[in-house]
Amino acid sequence: MRCIRYMLCLALALLCCASCEALPGEEHAFAVALGVDIDDAGQWLVCARIPSYQDEGSYQTISAQGDTPATALTHLDARSPMQLHLGQLRLLIFSEKVAQESEVAPLMRLLAERADMRQQALIAVTQDGLTALFDQLQPRTGTRLSKSLDVLMESRQTQGVIPRMTLGTAMRMDDRQALIAPMIFSRDEGFDVRGAAVFDAEMRCTGTLTEAETQLLALLSGQMKKGAISLASGTVDIQAFRGSPRVTSDSIVCDVCVNVARAELPADTIRDELAEAILNLAGKLQAAGCDALGLARQTVYSYPDVTAWHDAGWPSRALALPWRVKVTVQMPA
Amino acid sequence: MTTHNAQTRAADRLLGEKMCRRSMLQLLACVGAARTTLTVVLPLAGSAGWWAVPASLLPGAAVYAILALTMRSQKAETLTACARKLLGRTGEAAVRWLMTAFVLAEGVLNVTALVSLFTDGIGTEGTHRTLALLTLAALLFCLDRDGLPRAVYLLRWITRGMLAIIAVSSLSLASADRLFPILGSGADNVWTAIWRGAVMMGLPPLLLLTSEPTGRGNRATDLLPMVGVCAGIALVTALIMPGQMMQARRALAPSLLTPVMAHSSVVRLIAASLMMMTLFLSASGEAQLAGHWLTNAGNSAGKWSARVIGGLFCAAQFVDTGRIWSVFSKTNQILFLAVLAASIFLGLAALISYGRRKRCGA
């Protein structure tokens, strides 16, 4: 009996190894990045960055156009030198024009419904030309673009300078929270990611946040607990950040406590400048119609059903409430 | 020190066989109820699914309790034996035919779900029909009288392990606010979900009453795996999925994989494998049970009739999937109402019999 159990466990373990065999590396074009753009004539452009398998660390860009995103994707599949596979996708990049002018939700749904799509692919927005950006997508460390992107994104997310936003997370967002995605830029020496694009309830890009604002947002949302942040007069090294915005009947109360590890500024200045920075960020998000912190979700508990919640004015009501900010600073002993 | 002689060995063997049979019946009940949870209750109830699913299980549990108490009062070990004691051979045959019709409908639904998972869920190359034939070949190969329950019994820890992996990997995606508002998209949808769920999830637990007790745990504890699996699926799905997403119209295979839609590909593969394994084992178990009940024999006649029934399950796949799904789902609903009536009738018969005994005693 015990022998049979061991054999079954072994068979199960072997099952886990079966998927690699089914996808021989050089017979599939594993896209590392996928981009979507639209031109002035309304033609959709889809680009994919795939390994060329010729030299170690070399990649090629394939692109296709179509009247609709679905047609462009079908053409991209047909243009690919090997069978296109999105199971290793790291970045899904929307051009700013796509993000501003069309709803991103149906596009993401189209991509998420593909059986081979990697749900953990990060969403990003670019203000640069898609083709130029894709040519700059080369590994910055090592020889694998996928690994290089993983390391870069993880490091930037830890610093809080870009938000964490995967396709899976974005797909599971309902009207209780708005989308926010990292910005990606083309540079002479490669590419860079920093800051964020903010979206309104209809999933249209309505503004951008700087690195410092994105960091502050990361602190308020709990994504970042400690680290160095920039204020108007200098830098503060935060050891612990506690507190997040709370929705009350007539305002949004933001009562935060900051333990400072090292600072070149006095406590009063930190308190005032941090409170002002939070108020500025809140104003910017409200102006953009973006509930990036998911404040509306705090209110669902007191309503019997979604219709009653909507009838009470949520989630848009969260964007109209005034903020009351209180900052407590604890300096190092 | 325990002594092992021929008598104790035979008793141990008998107990082992009973436990294997009970494991198989528990699997059939779990799969039937979980399938209804994923394809009927959650798409209707949305974010209220976490409590609508346990609420849907209540009527079935009540019928189960009535029948279990009736069986206890009649000192009968199985449902059919109880029906024979109270209503004679005709009553026994009626109960047997009702349960046979139920497992036949369940078998067709399970094979349809399995083949849909092959074609639409994991994208296996092949048509619905060729994969139905492949399923038939596998089914014919494994329809052994003792082997199937034993396999189910041995696989129970692997099944639980797979469920645990899915549950643990869901923790990082969970958000408590998704469980609210308590009535989801509206009371009407929730009541419809509970009503339809109750009618479809009422019969699977009754399968547990068709086997003899093992002596380990009582009839109430037999229900726990089914309740746990369904409530767990509903809670995990509600915690990680927004109500709108749960209520979106989907084909059969994607709706069966809704709880793992946002998970990594490894977890999705584990969930698809688990779903396919359990669907296949239950379809096989249902063919075997139906064969056994139809022929009233566990010998080669029962084995061959099980194979014919397995063939019929797969032959049904040559008809349009949507039509099969709707016809056999409705069949299950009608059968539950029939069983509900039968259980009330049995309960009343038991009360009358008890009254007569008391009067005679007095």
Regarding A:L34, is this residue within 14 Å of chain B (Cβ to nearest Cβ) and under 19 Å from the mean Cα position of the chain (by Cα)? no
One residue from A:R79, A:R114 being surrounded by fewer than 16 Cβ atoms within 10 Å (Cβ to Cβ) and either under 25 Å from A:D192 (Cα atoms) or within 14 Å of another protein chain (Cβ to nearest Cβ) (or both): A:R114
Residue under question is B:V236, and the condition is that it be away from chain A (no Cβ under 12 Å), closer than 30 Å to B:D177 by Cβ and touching a Ser or Thr at 6+ places or on another chain (Cβ under 6 Å); does it hold? yes
Quick one: count up the residues across segment A:145-197 that are in contact (Cβ under 8 Å) with a residue 40 or more places away in the chain, in contact with a Ser or Thr (Cβ under 7 Å, 6 or more places away or on another chain) and of a type in the set (S, T, N, Q). 0
Could you say which residue among A:A275, A:A287, A:A292 is part of a helix (DSSP H, G or I), touching a strand residue (DSSP E or B) at 6+ places or on another chain (Cβ under 9 Å) and crowded, with 16+ Cβ neighbours inside 10 Å? A:A275
Residue satisfying condition, being surrounded by 15 or more Cβ atoms within 10 Å (Cβ to Cβ), touching a strand residue (DSSP E or B) at 6+ places or on another chain (Cβ under 7 Å) and free of Cβ contacts under 8 Å to residues at least 24 places away in the same chain, within set A:T210, A:T206: A:T210
Just the residues that are closer than 28 Å to B:A262 by Cα and away from chain A (no Cβ under 13 Å), please, taken from segment B:136-192. B:L163, B:A164, B:I166, B:A167, B:V168, B:L171, B:T192
Scanning segment A:309-330 for residues that are more than 14 Å from chain B (Cβ to nearest Cβ) and assigned to a helix (DSSP H, G or I), which turns out least open to solvent (accessible area, probe 1.4 Å)? A:L319
Restricting to helices (runs of 4 or more DSSP H) lying wholly in segment B:178-276: which have 3 or more residues that are open to solvent by 40 Å² or more (accessible area, probe 1.4 Å) and in contact with a strand residue (DSSP E or B) (Cβ under 7 Å, 6 or more places away or on another chain)? none
Looking at segment A:243-265, which of the residues that are open to solvent by 70 Å² or more (accessible area, probe 1.4 Å) and at pLDDT 90 or above is nearest to the chain's Cα centre (by Cα)? A:R246
Exactly one condition in (1) open to solvent by less than 50 Å² (accessible area, probe 1.4 Å); (2) out of contact with any strand residue (DSSP E or B) (no Cβ under 9 Å at 6 or more places or on another chain) is not met by A:L133; state its number. (2)
Count, please, the residues in segment A:230-241 that happen to be out of contact with any Lys or Arg (no Cβ under 7 Å at 6 or more places or on another chain) and either at pLDDT 90 or above or under 17 Å from A:T214 (Cβ atoms) (or both). 5
Going through segment A:295-308 one residue at a time, which ones are closer than 13 Å to B:D177 by Cα and part of a helix (DSSP H, G or I)? A:L295, A:A296, A:R297, A:Q298, A:T299, A:V300, A:Y301, A:S302, A:V306
Of the residues B:S326, B:S284, which single one is part of a helix (DSSP H, G or I) and farther than 13 Å from B:G107 by Cβ? B:S326
Of all residues in segment B:147-168, which are out of contact with any Ser or Thr (no Cβ under 8 Å at 6 or more places or on another chain) and open to solvent by 40 Å² or more (accessible area, probe 1.4 Å)? B:R150, B:W157, B:R160, B:L163, B:A164, B:I165, B:A167, B:V168
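Filtering segment A:168-196 down to residues that are facing another protein chain (nearest Cβ under 9 Å) and outside any loop (DSSP other than H, G, I, E, B), which residue is least open to solvent (accessible area, probe 1.4 Å)? If you could, list the steps in order and put the result at the bottom.
Here is the first cut: in segment A:168-196, the residues facing another protein chain (nearest Cβ under 9 Å) are A:168-169, A:171-176.
From what's left, outside any loop (DSSP other than H, G, I, E, B): A:168-169, A:171.
Numbers: A:G168: 5, A:T169: 53, A:M171: 37 Å².
Only one residue tops the list, namely A:G168.
The values are calculated or read from the model by the stated rules, or taken from the named source; none is laboratory data. No experiment lies behind these values; they were computed from the predicted model shown. Cβ coordinates were reconstructed from backbone atoms using ideal geometry, including for glycine residues, and neighbour counts include every protein chain displayed. To get the accessible areas, we keep the full protein, side chains included, count just its heavy atoms, and leave off ligands, DNA and RNA. Shrake-Rupley method; radii C 1.70, N 1.55, O 1.52, S 1.80 Å.
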